[in-house]
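Structure first, then comments.
The values are calculated or read from the model by the stated rules, or taken from the named source; none is laboratory data. Here the structure is a predicted model, which is why all the values come from computation and not from measurement. When we count neighbours, we look across all protein chains shown, and the Cβ atoms used for this are built from the backbone with ideal geometry, even at glycine.
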Amino acid sequence: MARRTTPKKIRIDKAEAAKRVKKIWPILKKTYPDAKTALNYKNPLELLIATILSAQCTDVRVNIVTKDLFKKYKSAADWAKADIKDIESDIKSTGFFRNKAISIKSTCTEITEQFGGEVPCTMEKLLKLRGVGRKTANVVLGNAFGKPAIACDTHVIRLSRRLGLSENSDAVKLEFDLAEIVPRRSWTLFSHLLIFHGRNICRARKPDCGNCPISKHCPAANNPALW
Ligand code: SF4
C-alpha cells in the first residue's frame, strides 16, 4: 500500500481565513440544515458519558450501547457507586473499555462529591473532572448547555487545514485559531457543519471535490498535495 505523505501546508492569513468562513458558512448551513451531534442524550450527564464513550468509537455504536446503559445508570451517583468491573462489561463493545470505565467512574464520583451530582456548566469546572479534556467539555457546553463552543475532532482538524483556516493540527491550538475567525455565536454549529461535511464529502482519504458545494472557496480543491 502506498504511504500517505504529510500534506503541504497552506499559508494562513487570518483576515482571508475569516472572509472564507463568511463565504462557506451559508453554503454549509444550507447543505446540512440538520447538523447537530449524532450522539443520543437527554441531559448533560448522558451527553458527557456518551462523549467519553465515543473516543475511538462510532457514534452509532455508542448510541446502541447507551440505549440500555442510561436506563441502568440514571445519575452520577449510580455510576460512582457501580462496580468498575460491571461498568467495563457494560461498555466493552465501545473499545478501550478499561480506561473509559475509570474515566466515567472517577468523573461521576467527582460530580457527586464536588458538584452536588450536577454536571458543571463552565469550561473551568468541567476541566477539573478526570477524563474530561477540552474536546469533551466543548461538546457538553455547546450541545447540552447551549453555550458557544468549538469541539475539534478529527474532521474539524482535517477540514480546517484543507480550507486554509488554520495550520494547527493540535486540537487546542486549532480551537483558539477558529475562535478568532468564526463569530462566537456560530462556534457550536460551525464545528457540526465541518463534521458533517467531513463525513459526507471531504473525507480523509478521498475528498469528493467534484461534488463539493464550497470548492470554489477551498485552497485545496482538486489538489491532492494539500489533502
Ligand atoms: S473542495 Fe475538496 S478539499 Fe476542499 S472542502 Fe471540498 S472536498 Fe474538501
### Task
Just one of (1) assigned to a loop (DSSP other than H, G, I, E, B); (2) of a type in the set (Lys, Arg); (3) within 11 Å of the ligand (Cβ to nearest atom) trips up residue 216, so point out which.
(1)
#### Entry: Near pairs, Cβ below 7 angstrom, 6+ apart or cross-chain, from segment 165-194 (touching a residue at least 60 places away in the same chain (Cβ under 8 Å)) to any residue that is part of a helix (DSSP H, G or I) and basic (Lys, Arg)
165/20; 167/161; 180/14; 181/14; 193/29
### Task
Enumerate the helices (runs of 4 or more DSSP H) found wholly within segment 30-91, keeping only those where 3 or more residues are of a type in the set (A, V, I, L, M, F, W, C) and either in contact (Cβ under 8 Å) with a residue 24 or more places away in the chain or surrounded by 14 or more Cβ atoms within 10 Å (Cβ to Cβ) (or both).
44-53, 59-72, 76-81
### Query
Here are some conditions: (1) farther than 20 Å from residue 144 by Cβ; (2) in contact with a Pro (Cβ under 9 Å, 6 or more places away or on another chain). Residue 190 meets all but one. Which one does it not meet?
(1)
### Task
Run residue 23 past the list (1) touching a helix residue (DSSP H, G or I) at 6+ places or on another chain (Cβ under 8 Å); (2) in the same structural domain as residue 121 (by TED's automatic domain parsing) and report the number of the one that doesn't hold.
(2)
